[in-house]
Amino acid sequence: MKTGRMPRLTLPPTVITQDPEPLHQHRRLAILRRVLNDDSLPLRARVAAALVLLYAQPVSRIVRLTIDGVTDDEATVTVHLEDPPPPLPEPVADLMLAYIQSRQQLPYASSKSSQWLFPGRQPGQPMNPVSLQVHLREIGVPPQRGRTSAIRQLVLQAPAPVIAKALGNHDKATTRLVTEAGGTWSRYAPSDHERHR
């Protein structure tokens, strides 16, 4: 631009994608209920929304999930977020299996052969996290606020180190959320309790 070989570019204003505050628990559950029951919403966005609202997964991790990470042993459907992979509750399990079947109809040629659960437009690449955030917002799911609300609820039900390990989150961030949420698990010792049995 300085040498005059290129026209001056005007960039759009920066959009802050960080959501300012967590959702209230009742609002998160209402959004989750709608996502699970509204068949008019895109299946891909419904599955991603369930992973955000139930398992507090960031979209950057959701787009890195693979089909091989979803297992169905006829009794339980699990998704490999961490070891051991958590089971999906019944309505979410059905959505996940329906979505995997429907991937063949996605408009991108790369979707048919891709092992990514959320394939991108480029062959061999997962979906862009920003694109997935846009899809979630379009169906009324605020990704960051929904995730924060989910994790705050989870740390009120179990010790932060347990939740962090189960969901693949960092211990310190999860412990901070316990304090913010008013949890009582702050003195839980995150040592190996299996060896004391």
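By how many nm would the segment from Thr10 to Thr71 lengthen if fully extended, with 0.36 nm per residue of separation less the alpha-carbon distance?
Numbers: separation 61, 0.36 × 61 = 21.96 nm, distance 4.75 nm.
Between Thr10 and Thr71, full extension yields an extra 17.2 nm.
Let me cross-check Arg27: its accessible surface, 1.4 Å probe, with only protein heavy atoms counted, in Å² to the nearest 10?
Ignoring ligands and nucleic acids, Arg27 comes out at about 130 Å².
Label His24 and Gln101 with points 7 Å out from Cα along Cα→Cβ: what is the distance between them in nm?
About 3.9 nm separates the two model spin labels.
Which cross-chain or sequence-distant (5 or more) residues have an amide H under 5 Å from the amide H of Val77, H modelled 1.01 Å from N in plane?
Hits under the 5 Å cutoff: Leu88.
Treat each spin label as a single point 7 Å out from the Cα along the C-beta direction, and report the Arg34 to Thr3 distance in nm.
Result: 5.3 nm between the two label points.
Hey, if we sort His135, His80 by accessible area with the 1.4 Å probe, largest down, what's the order? Present the calculation step by step, with values, prior to reporting the outcome.
Details: His135 55, His80 85 Å².
The residues order as His80, His135, largest area first.
Just how much of Leu154 is accessible, in Å², when a 1.4 Å probe is used and the result is rounded to the nearest 10?
40
Modelling each spin label as a point 7 Å along the Cα-to-Cβ direction, I'd like the Lys165/Arg121 distance in nm, to one decimal.
4.3
When a/c is below 1.5 the answer is rounded, else prolate if a/b is larger than b/c, else oblate, so apply that to the range 59-105 with a ≥ b ≥ c taken from the square roots of the Cα gyration tensor eigenvalues.
Oblate.
How do Arg34, Arg121, Arg28, Arg64 rank by accessible surface area computed with a 1.4 Å probe, from largest to smallest?
Details: Arg34 90, Arg121 180, Arg28 15, Arg64 140 Å².
My answer, sorted largest first, is Arg121, Arg64, Arg34, Arg28.
The values are calculated or read from the model by the stated rules, or taken from the named source; none is laboratory data. Computed from a prediction, not measured in an experiment: that's the story for all the values here. For neighbour counting, all protein chains shown are included, and Cβ atoms are generated from backbone atoms with ideal geometry for every residue, glycine included. The area values use the complete protein model at the heavy-atom level, side chains included, leaving out ligands, DNA and RNA. Shrake-Rupley method; radii C 1.70, N 1.55, O 1.52, S 1.80 Å.
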